[in-house]
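FYI, it's all coordinate maths here, none of it is from the lab. Computed from a predicted structure; not experimentally measured. Cβ: placed from backbone, ideal geometry, glycine included. Neighbour counts: every protein chain shown.
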Amino acid sequence: MKNLVILISGRGSNMMAIAEACAAEGWNARIAAVISNKPDAAGLADAAQRGIATAVVDHRAHADRAAFDAALADAIDAFEPDLVVLAGFMRILSVEFVNRYAGRMLNIHPSLLPAFTGLHTHRRAIDAGCKLAGTTVHVVTPELDHGPIVAQAAVPVLEGDTEETLAARVTAAEHILYPRVVRWWVEGKLDFAGAGRIAHRSGAAQWLV
């Protein structure tokens with residue numbers, strides 16, 4: 001059985017979507033722990049209610065990024081993870097940390113990468129006049145929001161959209177896409193063939209529209 005460790009900074013809605021899918025679909029995996037850098041992250045209580053172990057590594061309690069990353073890695077490794085899942089984890093991770101979990105750490109970003117890396121993605125998509133926005137699940141690499149793309153979901157940008165209305169539409173797509181990708185990883189269905197490309201071994205569609 002695969003051990004999944006999920007990192008969050010807030011309400012953890014993607015974490016909950018993954019946990020619900022794992023239980024409902026009978027994955028050969030378990031959420032071994034949910035870890036946050038914020039003691040007041042709402043998702044910690046939701047995870048605990050499901051019987052999932054939780055931990056906090058408060059970034060404010062550490063002198064610098066290296067010290068925080070070392071403490072975070074120790075907390076993660078205590079649960080012997082096969083896969084580390086970033087689900088709204090709002091910290092930039094060091095090269096050393098990313099390399100420690102190379103090939104077994106996923107992130108979800110609220111844009112159709114490579115467009116709109118970084119923050120304020122929904123506002124930037126609206127301001128740019130995009131007709132489609134969306135979300136991307138990718139493998140984490142040292143370059144922020146640039147790892148190999150595993151799957152994407154697109155949603156329309158509607159006339160009169162605000163950041164909030166577009167974000168809600170994208171989040172709903174994330175709750176479908178992220179559990180699907182994590183399940184693919186658990187089942188060994190992703191082909192890391194090199195050249196920055198990842199394919200599904202059975203040819204399943206790696207997009208949602």
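General observations
- Label sites at ASP77 and VAL209, each approximated as a point 7 angstrom past Cα along Cα to Cβ, lie 4.5 nm apart.
- Cα centroid separation - the range 164-209 against the range 63-96, whole Å: 22 Å
- In nm, spacing of pseudo-spin labels at GLU159 and ASN28 (7 Å Cα→C-beta vector): 5.2 nm
- Nitroxide proxy distance, nm - points 7 Å out along Cα→Cβ at ALA172 and ARG123: 2.4 nm
- Note that the range 1-52, at 4 °C in a medium of 1.567 mPa s, gets a Stokes-Einstein diffusion coefficient of 118 µm²/s from its Kirkwood radius over C-alpha pairs.
- For the range 39-46, 3J(HN,Hα) computed residue by residue from phi via the Karplus equation (6.51, -1.76, 1.60; θ = phi - 60°) reads x, 9, 4, 4, x, 4, 5, 5 Hz, glycine and proline entered as x.
- As a calculated quantity, the FRET efficiency between ARG104 and LEU132 at R0 = 22 Å, using C-beta atoms, amounts to about 0.15.
- Extent along principal axes [Cα atoms of the range 94-206; Å; largest to smallest]: 41, 33, 21
- Where both bridge residues fall in the range 107-209, DSSP classifies roughly 90% of the beta bridges as antiparallel.
- Burial order of peptide ranges 99-110, 159-170 (average beta-carbon count within 10 Å, highest first): 99-110, 159-170
- With bins 10 Å wide beginning at 0, the percent of Cα pairs of the range 1-101 falling in each bin runs 16, 52, 28, 4, 0.
- Placed amide H near GLY12: partners under 5 Å, 5+ positions off or other chain: GLY43
- Of all DSSP beta bridges confined to the chain, the antiparallel ones make up roughly 45%.
- Multiplying the residue separation of MET90 and ARG50 by 0.36 nm and removing their Cα-Cα distance gives an extension gain of 12.1 nm.
- Value of Rg/Rh across the chain [Cα atoms, Kirkwood radius]: 0.95
- The order of the peptides 20-29, 116-125 by mean Cβ neighbours within 10 Å, most packed first, is 116-125, 20-29.
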